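> First the structure, which I've put down as structure tokens, then a few questions once you've had a look.
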Amino acid sequence: MSEKDKTTKATAEATSSKRTDMEHSDTQGMDNRRKIVSSEHLASDGNWPLSEVEYGMTVVYNAFSQWMVRCANAAGIGELAVLDILILHNINHRGREKRLNDIAFMLNIIDTHTVNYALKKLLKLELVTGTKRGKEIFYATSNKGKLACEEYGRVREQCLLDGLQMLDIDQQELAKLASTLRSMSGLYDQASRAAASL
């Protein structure tokens, strides 16, 4: 082996050794860092990242719920609770009429009586209308409901989307996050069915 080949081999081995040491150091750093979870007793050694995700989802859901109520209040529909707001926007979605079962399916709500209660509230506030066809009622947003959704959108644009731009988050990252969360919902749905069979 020539001196040049020996030097090249030694350099490659040194680089490989350094990379291995760095990877080991990174792994140790990850193992040693304190886990950000809400229930340490549920965070097993091998699966604690899922507990971190669950804590993140809990915090985000509560923040999102608070945001929806505050935004609705600023939009002039402060009488609405979180589920009422979600259902109002779902009914207004794409301008198509929807049945109670359609709404519950879209929002992944099993207890349809909660949807029914919210619909009665929205009807009373004249934000939606209901048209009976056969045995089913089809719901649509009224003019008042459409205006409320538009005003909600303006408040959202001003208070939420402007702040999002300041974070400089890539749109593709958000789309990937949304896809991951939808996949996670399927995981928890399946786990729920499994738990129900125990």
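Computed from the coordinates by the stated procedures, all read-outs in this text should not be read as laboratory data. None of these values were measured; they are calculated from a predicted model. Positions of Cβ are backbone-derived with ideal geometry, glycine not excepted, and every protein chain shown enters the neighbour counts.
> What length, rounded to one decimal in nm, is gained on full extension from residue 116 through to residue 180, with 0.36 nm per residue of separation minus their alpha-carbon distance? Walk me through the numbers on the way to the answer.
Values: separation 64, 0.36 × 64 = 23.04 nm, distance 2.97 nm.
Taking residue 116 through residue 180 to full extension adds about 20.1 nm, to one decimal.
> Give 98/176; 121/176; 35/98 a once-over and call out the pairs whose C-alpha atoms are over 32 Å from each other.
Going by Cα-Cα distance, 121/176; 35/98 fall outside the 32 Å limit.
> Hey, another quick one. Only counting other Cβ atoms within 10 Å, I'd like 126, 97 sorted with the fewest neighbours first. Don't jump to the answer; show the numbers that get you there.
Working: 126 11, 97 16.
The order, fewest Cβ neighbours first, is 126, 97.
> How much length would be gained if the chain were fully extended between residue 107 and residue 81, taking 0.36 nm per residue of separation minus their Cα-Cα distance, in nm to one decimal? It would help to have the intermediate numbers written out before the result.
Working: separation 26, 0.36 × 26 = 9.36 nm, distance 1.52 nm.
Residue separation times 0.36 nm, minus the Cα-Cα distance, leaves 7.8 nm.
> Within a 10 angstrom radius of the beta carbon, how do 38, 44 rank from fewest other beta carbons to most? List each step's numbers first, then the result.
Values: 38 13, 44 9.
Ascending number of Cβ neighbours within 10 Å: 44, 38.
> Taking other Cβ within 10 Å of each residue's Cβ, how do 146, 135, 98 sort, fewest first? Could the numbers behind the result be given before it?
On the way: 146 16, 135 5, 98 21.
In order of increasing Cβ crowding within 10 Å: 135, 146, 98.
> For segment 48-170, what class follows from the C-alpha gyration tensor (a ≥ b ≥ c being the square roots of its eigenvalues): rounded when a/c is under 1.5, otherwise prolate if a/b is larger than b/c, else oblate?
Values: a/c = 2.25, a/b = 1.42, b/c = 1.59.
Since a/c reaches 1.5 but b/c is at least a/b, the shape of segment 48-170 is classed as oblate.
> Continuing with this model, one more query. Would you mind pulling out the separation of the Cα centroids of segment 171-198 and segment 66-114, in Å?
Answer, in whole Å: 21.
> Give me the one-decimal nm value for the distance between modelled label points at residue 73 and residue 194, 7 Å along each residue's Cα-to-Cβ direction.
For residue 73 paired with residue 194, the spin-label model returns 4.1 nm.
> Fully extended, how many nm does the chain gain between residue 35 and residue 61 (0.36 nm per residue separation, minus their Cα-Cα distance)? Before the final figure, lay out the partial values.
Details: separation 26, 0.36 × 26 = 9.36 nm, distance 2.00 nm.
Separation in residues times 0.36 nm, less the Cα-Cα distance, equals 7.4 nm.
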